[in-house]
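Remarks on the structure that follows.
Only the coordinates and a few stated rules stand behind these numbers; no lab work does. Since this is a predicted model, take the numbers as computed values, not measurements. No Cβ is skipped: glycine too gets one built from the backbone with ideal geometry, and neighbour counts run over all protein chains shown.
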């Protein structure tokens, strides 16, 4: 028996109707964007009415890209004009970067914008006015010695290297694989 010829829209409706109810609910809650460099047909525009689907044609996409690039260029120019130091090796502008490895992992520093051609770096300088605002206890704080409550081993002051807690300190003990807040 020959199958009746249907349009692509009817095919999509048929597939969606066979999905479990919770998939349909999830699809209804999620907003979709369909992007093309050309234009959409009237049939496509009618199909998305009442659905959480936004059609973005070529003209609208170009406007969005132009707007985003203007905003990005304005933000970049404001950021670079705000006391960006020069590279000690080549004299080019420097960018704020974050160390990923080593003793300074998670800390910001100035790195040459022409990297990897030039590997010039500078440490982030704490402004003297900001330094005086810090309490004197924080400036000369020695980590206190603590012991593991479970096994009695000596805890070591550590710092998160990644994730949402990057840079935060905690006491850890490797054999127990546990950590305690400072």
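Each label point was placed 7 Å from the Cα along the Cα-to-Cβ direction; for residue 125 and residue 10 their separation is 7.4 nm. For the pair residue 101 and residue 31, label points projected 7 Å from Cα toward Cβ lie 4.2 nm apart. Label positions at residue 177 and residue 56, each projected 7 Å from the Cα along the C-beta direction, are separated by 4.3 nm.
Subtract the Cα-Cα distance of residue 156 and residue 169 from 0.36 nm times their separation in residues, and report this length gain in nm to one decimal. Intermediate values should be presented prior to the final figure.
Details: separation 13, 0.36 × 13 = 4.68 nm, distance 1.02 nm.
This chain segment gains 3.7 nm when fully extended.
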